[in-house]
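Could you have a look at this structure, given as structure tokens, before my questions?
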Amino acid sequence: MVRYLKEGRTAEQSAQDASQVQATVRNILSDIEERGDASLLELSTKYDNWSPESFRLSDAEIAACVKQLTPGQLDDIRFAQTQIRNFAQHQKNTLHDLEVETLPGVILGHKNMPVESVACYVPGGKFPLVASAHMGVVTAKVAGVSRIIASSPPVGGKPAPAVVAAMHLGGADEIYTLGGVQAIGAFALGTASIEPVTMVVGPGNAFVAEAKRQLFGRIGIDLIAGPSETLVIADDSVDAELCATDLLGQAEHGFNTPAILLTNSEKLARDTITEIERLLKILPTAKTAGVSWRDYGQVIVCDSYEEMVTEADRIASEHVQVMTRDPDYFLKNMRNYGALFLGARTNVAYGDKVIGTNHTLPTGKAGKYTGGLWVGKFIKTCTYQKVLTDEASAMIGRYCSRLCAIEGMVAHGEQANIRVRRYGNEDVPYAGVAA
């Protein structure tokens with residue numbers, strides 16, 4: 001039986017929050033579409049106290065940012081990007097063009113082609129997320145996208161040097177210091193100074209995620225990647241300090257980060273609650289992590305691994321840290337998640353920053369229908385067909401004609417009939433049904 005030792009905000013409260021966000025984003029996007037660059041400047045001044053002559057950084061400005069980093073910091077960025085690039089390349093190697101003769105004279109195939117242009121958004125907020133630059137820019141580069149732009153809000157009234165360096169080293173063609181809904185709107189809708197892109201990717205706060213949701217269809221997106229979420233699945237093979245550390249490690253993202261412990265040990269559950277309270281007294285980011293834990297933290301006790309899997313699939317968390325005697329049980333049986341982190345030796349921070357898997361992952365239960373950002377998200381798989389012989393065209397045409405007749409789609413049927421007449425030498429009347 002599932003028992004809650006701690007619960008977070010209700011679904012009704014979360015729905016009210018979402019409604020307010022939707023209205024705000026709708027108004028901002030409408031203003032950007034109507035007023036373009038003037039709107040961007042006004043919004044950037046209002047929200048980020050940033051009003052440059054150009055949001056796009058010059059080569060000299062980019063070089064100045066890179067120069068502010070130490071050689072060691074640059075080496076660390078390059079190391080992380082190498083891991084991400086290598087894994088993305090291995091993923092790309094699994095994608096193959098296809099051409100097959102399915103029937104005599106009938107050739108079907110598909111081609112894998114990168115999208116033409118993409119904007120990679122890198123959140124700023126409380127922390128300049130250098131890692132998000134790797135995840136978007138490097139992966140798009142491996143995919144073969146020809147125009148990659150990257151953008152992040154200013155930090156402290158200026159571009160964030162480490163983020164700009166990561167964008168540059170990752171291979172971005174254009175770099176902007178522009179944040180929030182205004183960035184997503186600018187790159188999706190275009191302005192006099194910014195050419196729009198085909199696709200926008202990257203994580204962000206609730207407003208950024210909502211902007212992507214509202215613009216989807218006019219542009220492509222990777223997924224709805226809103227405020228971070230984490231689920232720790234643990235049994236008594238690990239201790240409360242480890243569980244508490246991994247929960248707070250994600251809770252510091254913002255004030256609305258769900259952090260959930262799912263366990264079959266009530267002792268571990270209660271000890272973890274106590275340990276979290278201890279750590280919050282010494283954690284430098286406790287003012288943020290503490291609010292998330294207070295409002296969105298949950299502790300759930302189950303009776304068995306099977307019950308834990310059912311509950312974990314219901315939650316469908318972005319990050320799932322599994323620290324049990326048999327973590328592969330969850331790999332084998334779980335279906336709904338963004339990414340799994342299996343065993344106590346790994347953790348979400350490894351995936352977030354350096355190990356090589358992508359950290360842009362589905363939130364808000366989107367893990368029930370999609371995975372996270374990967375090289376394949378930047379690639380279109382487009383089909384084609386060829387019919388090489390008269391006999392094949394006439395044979396397919398007869399089937400097509402009869403199927404069109406079932407639907408009553410006469411003009412479709414005539415596309416088949418004319419080929420049956422020409423290539424099959426059969427006397428099929430106009431808009432008739434092939435014998």
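With a/c under 1.5 counting as rounded, go ahead and sort the stretch 166-301 into rounded, prolate or oblate using the C-alpha gyration tensor (a ≥ b ≥ c being the square roots of the eigenvalues; past the cut-off, prolate if a/b is larger than b/c, else oblate).
Verdict is prolate for the stretch 166-301.
Using only protein heavy atoms and a 1.4 Å probe, report how much of residue 348 is accessible, in Å² to the nearest 10.
Accessible area of residue 348: about 10 Å².
Let me ask something else about it. If you plug each phi of the stretch 220-237 into the Karplus form 6.51 cos²θ - 1.76 cosθ + 1.60 with θ = phi - 60°, what whole-Hz ³J(HN,Hα) values come out, in order, with x for Gly and Pro?
x, 10, 6, 5, 7, 10, x, x, 4, 9, 9, 10, 9, 9, 8, 10, 7, 7
Compute the helix-to-body angle for 161-170: its Cα long axis versus the longest principal axis of the chain, expressed 0 to 90° and rounded to tens.
30 degrees
Another one. Please give the contour-minus-distance gain from residue 266 to residue 5: 0.36 nm per residue of separation, less the Cα-Cα distance, rounded to one decimal in nm.
93.1 nm
Just to verify a number: what accessible area does residue 277 come out at with the full protein assembly present, 1.4 Å probe, Å² rounded to tens?
For residue 277, solvent-accessible area is about 90 Å².
Which one of 131, 251, 416 has the biggest mean-square fluctuation once the chain is modelled by GNM with Cα springs under 10 Å?
416
Under a GNM of the chain (C-alpha, springs under 10 Å), which listed residue has the highest mean-square fluctuation: 361, 103, 223?
Comparing 361, 103, 223 in the GNM, the peak value goes to 103.
A further question on this structure: Measuring from label point to label point, each 7 Å out along Cα→Cβ, what is the residue 47 to residue 73 span in nm?
Rounded to a tenth, the inter-label distance reads 2.6 nm.
In addition: Once a ≥ b ≥ c are taken as the square roots of the eigenvalues of the Cα gyration tensor of the stretch 257-381, is the result rounded (a/c under 1.5), prolate (a/b larger than b/c) or oblate (a/b not larger than b/c)?
Cα axes put the stretch 257-381 in the oblate bin.
5 Å is the cut-off here: which amide hydrogens, built 1.01 Å from N in the peptide plane, fall below it relative to residue 178, excluding neighbours closer than 5 in sequence?
Correct list: 152.
Also, quick follow-up: Just how far, in whole angstrom, is the stretch 196-246 from the stretch 1-77 if you go by their alpha carbon centroids?
Cα centroid of the stretch 1-77 versus Cα centroid of the stretch 196-246: 14 Å apart.
Please give the charge dipole size of the stretch 247-400, origin at the Cα centre, charges +1 on K and R Cβ atoms and -1 on D and E Cβ atoms. Round to the nearest 20 debye.
My answer is approximately 420 debye.
If you put +1 on each Lys and Arg Cβ and -1 on each Asp and Glu Cβ, how big is the dipole of the chain around its Cα centre, in Debye rounded to 20?
380 debye
Treating the angle as unsigned and between 0 and 90°, give the value, to the nearest 10°, between the Cα long axis of helix 305-315 and the longest Cα principal axis of the chain.
The angle comes out at about 80 degrees.
Under the rule of -39500 (n - 2.57) per DSSP H run of 4 or more residues, summed and divided by the residues of the chain, what mean residue ellipticity at 222 nm is obtained, to the nearest 500 deg cm²/dmol?
The helix-only estimate for the chain comes to -14500 deg cm²/dmol at 222 nm.
What pairs from 92/380; 141/332; 126/368; 6/287 go past 22 Å between their alpha carbons?
Where the Cα-Cα span goes over 22 Å, the pairs concerned are 141/332; 126/368.
Putting +1 on Lys and Arg Cβ atoms and -1 on Asp and Glu Cβ atoms, find which of 208, 293, 330 reaches farthest to the positive end of the dipole of the chain.
Of the candidates, 208 comes out farthest on the positive side.
Can you list the lysines whose alpha carbon is less than 16 Å from that of residue 46, not counting same-chain residues fewer than 8 positions off?
158
Right, something else. What nm distance separates the two modelled labels at residue 310 and residue 38, each placed 7 Å from Cα along Cα→Cβ?
6.0 nm
Give, rounded to the nearest 20 debye, the magnitude of the charge dipole that the stretch 5-132 has about its Cα centre when Lys and Arg contribute +1 at Cβ and Asp and Glu contribute -1 at Cβ. Mind showing how you got there, number by number?
On the way: 12 positive and 18 negative charges, 93 e Å.
In total the dipole reaches around 440 debye.
A further question on this structure: As I understand it, the dipole of the stretch 65-141 uses +1 on the Cβ of Lys and Arg and -1 on the Cβ of Asp and Glu, about the Cα centre. Which of 135, 66, 112 lies farthest toward its positive end?
Sorting the options by dipole projection puts first 66.
Find the relative contact order for the chain and round it to a whole percent, using C-alpha pairs within less than 8 Å whose residues are 6+ positions apart. Walk me through the intermediate numbers first.
Numbers: 880 pairs, mean separation 79.8, N = 435.
In percent, rounded to a whole number, it is 18.
Right, another one. With a sphere of radius 12 Å drawn around the Cβ of residue 203, what net charge do the other residues whose Cβ falls strictly inside it have (Lys, Arg +1; Asp, Glu -1)?
Spelling it out: positives minus negatives among the neighbours equals -3.
Taking a ≥ b ≥ c as the square roots of the eigenvalues of the Cα gyration tensor of the stretch 301-342, is the shape rounded (a/c under 1.5), prolate (a/b larger than b/c) or oblate?
oblate
Would you mind checking the tilt of helix 37-48 against the longest principal axis of the Cα atoms of the chain, expressed as 0 to 90 degrees and rounded to 10?
Relative to the chain, helix 37-48 is tipped by roughly 30 degrees.
Let me ask another. Ordering 79, 255, 127, 187 by how much accessible area each has at a 1.4 Å probe, largest first, what is the list? List each step's numbers first, then the result.
Working: 79 120, 255 100, 127 70, 187 5 Å².
Solvent-accessible surface, decreasing: 79, 255, 127, 187.
The values are calculated or read from the model by the stated rules, or taken from the named source; none is laboratory data. All of these numbers come straight from a predicted model, not from anything done at the bench. Cβ coordinates were reconstructed from backbone atoms using ideal geometry, including for glycine residues, and neighbour counts include every protein chain displayed. Accessible surface is based on the protein model in full, side chains and every heavy atom, while ligands, DNA and RNA are left aside. Shrake-Rupley method; radii C 1.70, N 1.55, O 1.52, S 1.80 Å.
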